[in-house]
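Asker: One structure follows; several queries about it will come next.
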Amino acid sequence: MRYWLTSLVAVCTGCLGLSPDPSDPPPSGEPSLHLSLLVSSGLSQPLYLTHAGDGSGNLYVVEKAGRIRLIENGALRTQAFLDITEKTSKGSEQGLLGLAFHPNYRNNGFFYVNYTNSSGDTVIARYTANRSSKMADPSSEQVVLSVDQPYDNHNAGWLGFGPDGMLYIPLGDGGSGGDPQNYAQRLEPQSGNRHLLGKVLRIDINGSELGHNYRIPPDNPSLGGRVSEIWAYGLRNPWRASFDRQTGDLWIGDVGQNNQEEVNRGVGGGKGLNYGWKIMEGTNCYDNSIAPGCGSSNLTQPVHVYGRSDGYSVTGGYVYRGTRYPRMRGRYFFTDFGSGHLWSLYQVNGAWERKTEITSAGGSLASFGEDEQGELYVMSLFGGQVWRVEDRP
């Protein structure tokens, strides 16, 4: 993902386009988006927000350097919920990149993180929190899975529990440019678990087998002649993914190489799908040496692509399923890190159409987030702010 290379420009609240593009007013009955400031200062490079599913109403913000911060009753706590800055590599696209709470967190205190360690490799680890003190124990780490990273970019970073209780982990292709080792399409075992790069993994963390702190679900697809952690493949740098709470579809924003950014939809979770990279970049043929003419029939087409005139680094989002803003329901909201355009996708007669909700909402929008009620948030990596996404007629 290229956005870490963007110059560290200041992002001011007044520059963020906190209203829809005045030249394109929304039609009657459609949402009129507004970004309402929740956290104005105190965060350093926030790049994800989520909830614990425990009824507390608390929000947890991931900081790239290796901290998780707690927003309680709308206020940012000074003390970190978890601090593992001494374990993380922080260059390029590295750092603490993802967070997911166990579905039974209320009782077991378990949560999972995705970070790059001091060697630059991906680590999926479990930590334990003391819910009464609202603090996690840094010494409680149990490494679940590690994957060698050949380069320092395309680490992706999101992880989340699906409606089936399994942990899903999208990984980038290992980095550099053009996936030089073709990891995204390779299914045979590689040293250092590199065959897991460019894939969506699905594991069962409620057990262990074969020396792993997880189990391979027996209903995972048989890919490459075997059942493994791989759930789907063919991804370049899946920067942010999410499950639709209503349908169980897995939505993925996959950052493009030269020409196209893409949004993928794995219907029902997307079991066994090949999203195409590096045979295809979006809807364009990229490397026909893998599939002559890029004519492979087993590729899943993205539901939406856009070119360089609209941005250069897609930030995947969520299908809104909250209750506060009925006009937003059923739309998939996403943005671009470079241009700051905030869009929605919605279906019209079976086809997906894109609407510009906010034009240039500010650069460096690194991630959306969702609270327990399904309300949406968005945050600026370089500005450090967090906003609520609202519909204001």
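Asker: As a test of reading the structure, rank 226, 236 by solvent-accessible area (1.4 Å probe, protein chains only), most first. Let's see the in-between values first.
Answerer: Values: 226 75, 236 10 Å².
Order by accessible area, largest first: 226, 236.
Asker: Okay, moving on. Taking the Cα centre of each part, how many Å lie between the stretch 34-67 and the stretch 95-136?
Answerer: 15
Asker: Equivalent-ellipsoid semi-axes (√(5λ), Cα gyration tensor) for the stretch 244-340, whole Å, largest first? Show your work: numbers first, answer last.
Answerer: On the way: eigenvalues 142, 63, 12 Å².
They are 27, 18, 8 Å, listed largest first.
Asker: Rolling a 1.4 angstrom probe over the protein chains, ignoring ligands and nucleic acids, what is the accessible area of residue 204 in square angstrom, nearest 10?
Answerer: Residue 204 has an accessible surface of roughly 20 Å² with all protein chains in place.
Asker: ³J(HN,Hα) across the stretch 183-193 via Karplus (A = 6.51, B = -1.76, C = 1.60, θ = phi - 60°), whole Hz, x for Gly/Pro?
Answerer: Karplus values, whole Hz, x for Gly and Pro: 4, 5, 9, 7, 10, 6, x, 10, 4, x, 6.
Asker: Place a label point 7 angstrom from the Cα of residue 187 along the Cα-to-Cβ direction, then list the residues of the stretch 297-337 whose backbone nitrogen is under 19 Å away.
Answerer: Within reach of a label on residue 187: 297-301.
Asker: While we're looking at this one, here's another question. Could you tell me the extents of the stretch 101-215's C-alpha atoms along the three principal axes, largest first, rounded to whole Å?
Answerer: Each principal axis gives a Cα extent; for the stretch 101-215 these are 48, 28, 25 Å.
Asker: Sorted by average packing, counted as other Cβ atoms within 10 angstrom per residue and highest first, what order do 371-378, 211-218 take?
Answerer: Values: 371-378: 19.4, 211-218: 14.0.
Answer by packing, highest mean first, reads 371-378, 211-218.
Asker: Separation of the stretch 226-283 and the stretch 150-191 by C-alpha centroid, Å?
Answerer: Taking the Cα centre of the stretch 150-191 as reference, the centre of the stretch 226-283 is 11 Å away.
Asker: Order 285, 294, most accessible first, counting only protein heavy atoms with a 1.4 angstrom probe. Write down the numbers at each step before the final one.
Answerer: Details: 285 70, 294 15 Å².
Sorted by accessible area, descending: 285, 294.
Asker: Which residue, 40, 367, 89, tops the fluctuation ranking in a GNM of the chain built on C-alpha contacts under 10 Å?
Answerer: Comparing 40, 367, 89 in a Gaussian network model of the chain, the most mobile one is 40.
Asker: Mind running the shape call on the stretch 332-393? Use the C-alpha gyration tensor, a ≥ b ≥ c as the square roots of the eigenvalues: rounded below 1.5 for a/c, prolate if a/b tops b/c, oblate otherwise. Each step should come with its number before you reach the end.
Answerer: Working: a/c = 2.12, a/b = 1.40, b/c = 1.51.
Here the stretch 332-393 falls in the oblate category.
Asker: Carbon-plus-sulfur fraction of the accessible area of the chain, 1.4 Å probe, in percent? Intermediate values should be presented prior to the final figure.
Answerer: Values: 6370 of 14080 Å².
In the chain, the share of accessible area belonging to carbon and sulfur is 45 percent.
Asker: In addition: Using heavy-atom solvent-accessible surface (probe 1.4 Å) with all chains present, what is the largest-first order of 382, 333?
Answerer: So, going from the largest accessible area down, we get 382, 333.
Asker: Give the accessible area for residue 59 in Å² (nearest 10); use a 1.4 Å probe, count only protein heavy atoms, and leave out ligands, DNA and RNA.
Answerer: 10
Asker: If you don't mind, there's one more thing I want to ask. Specify which residue in the list 376, 275, 352 is farthest towards the positive end of the charge dipole of the chain, using unit charges on the beta carbon of Lys, Arg (+1) and Asp, Glu (-1), about the Cα centre.
Answerer: 376
Asker: For the stretch 264-308, what does the relative contact order come out to in percent, with C-alpha contacts under 8 Å and a separation of six or more?
Answerer: Values: 45 pairs, mean separation 18.9, N = 45.
Reported relative contact order: 42 percent.
Asker: Can you tell which of 207, 162, 383 shows the greatest fluctuation in a Gaussian network model of the chain with Cα springs below 10 Å?
Answerer: Top of the fluctuation ranking is 207.
Asker: Considering the chain as a Gaussian network with a 10 Å cut-off on Cα pairs, which listed residue, 292, 31, 326, attains the greatest mean-square fluctuation?
Answerer: 292
Asker: What share of the DSSP beta bridges in the chain is antiparallel, in percent to the nearest 5?
Answerer: Working: 90 of 93 bridges.
Close to 95 percent.
Asker: Sticking with this structure for a sec: Hey, what's the chain come to in accessible area per residue, 1.4 Å probe, Å²? It would help to have the intermediate numbers written out before the result.
Answerer: On the way: 14080 Å² over 393 residues.
In whole numbers, the chain has 36 Å² accessible per residue.
Asker: Further question on the same structure: For a quick check of understanding: with a 1.4 angstrom probe and all protein chains in place, what accessible area in square angstrom does residue 243 have, to the nearest ten?
Answerer: So the heavy atoms of residue 243 present about 30 Å² to solvent.
The values are calculated or read from the model by the stated rules, or taken from the named source; none is laboratory data. Just so it is clear, the model here is predicted, and its values are computed rather than measured. Here the Cβ is made from the backbone with ideal geometry for all residues, glycine too, and neighbour counts use every protein chain on show. Just so you know, the surface numbers come from the protein's heavy atoms only, side chains and all, with ligands and any DNA or RNA stripped out. Shrake-Rupley method; radii C 1.70, N 1.55, O 1.52, S 1.80 Å.
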